[in-house]
Amino acid sequence: MQLQRTRDTAPELAVRRILHARGLRYRVDRPPLKGLRRRADIVFGPAKVAVFIDGCFWHGCPEHGRKETQANPNYWSGKMARNRERDADTDAQLAEAGWAVVRVWEHQPPVEVADVIADIVARRLGKPSR
């Protein structure tokens, strides 16, 4: 699992390219909150927006995530359940601190994802979107 990229994946780069072209500036692979031991893929600090682009396999996408793995199914089913629990806990902690959490799947079209993110950031900054 060490070889799995945790940042700069193709879906992240595609979304970031679009956001940057639209003039939005952000931080990459950062913990949104001090003391939070989890990192968001894209962070808009002033707007308090944390973006997570979740991999279908690792986060249990209902459309593309594997239902069962052939090798060591007990380990993997527990691992996926813990990942989903951690995601929910992260969302709750950020929401409690006043952050907007945007969670999207890696298979979603980058332009649509960027549209959603740009709208939320603009709304939170009190600016017109696009």
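Starting from region 99-115, keep only residues that are in contact (Cβ under 8 Å) with a residue 24 or more places away in the chain, then list their pairs with residues that are crowded, with 20+ Cβ neighbours inside 10 Å and among the hydroxyl-bearing types (Ser, Thr, Tyr) whose Cβ atoms are within a distance under 8 Å, requiring at least 6 positions of separation or different chains. Hits for this filter: VAL101/THR90.
For region 9-38, a tally of residues being of a type in the set (D, E, K, R), without any contact (Cβ under 8 Å) to a residue 40 or more places away in the chain and assigned to a loop (DSSP other than H, G, I, E, B) returns 3. In region 59-75, which residue that is modelled with pLDDT of 80 or more and in a helix (DSSP H, G or I) is nearest to VAL121 (Cα to Cα)? Among them, the one singled out is TYR75. Just one of (1) within 29 Å of HIS20 (Cα to Cα); (2) over 14 Å from the mean Cα position of the chain (by Cα); (3) at pLDDT 85 or above fails for GLY78. It is (1). Looking at region 39-46, is at least one residue over 21 Å from ASP87 (Cα atoms) and touching a residue at least 24 places away in the same chain (Cβ under 8 Å)? Checked region 39-46: at least one residue is over 21 Å from ASP87 (Cα atoms) and touching a residue at least 24 places away in the same chain (Cβ under 8 Å). Could you please let me know if VAL116 is touching a strand residue (DSSP E or B) at 6+ places or on another chain (Cβ under 8 Å) and not in a helix (DSSP H, G or I)? No, not satisfied.
Is there a residue in region 87-94 that is hydroxyl-bearing (Ser, Thr, Tyr), in a helix (DSSP H, G or I) and at pLDDT 95 or above? Yes: one or more hits.
Quick grid of which residues meet (1) surrounded by 15 or more Cβ atoms within 10 Å (Cβ to Cβ); (2) touching a Ser or Thr at 6+ places or on another chain (Cβ under 8 Å); (3) under 19 Å from HIS20 (Cα atoms):
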site	(1), (2), (3)
LYS48	yes, no, yes
ARG86	no, no, no
ARG124	yes, no, yes
LYS127	no, no, yes
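The values are calculated or read from the model by the stated rules, or taken from the named source; none is laboratory data. All figures in this text were calculated on a predicted structure; none of them were measured in a lab. Quick reminder, even Gly has a Cβ in these numbers, built from the backbone with ideal geometry, and neighbours come from all protein chains shown.
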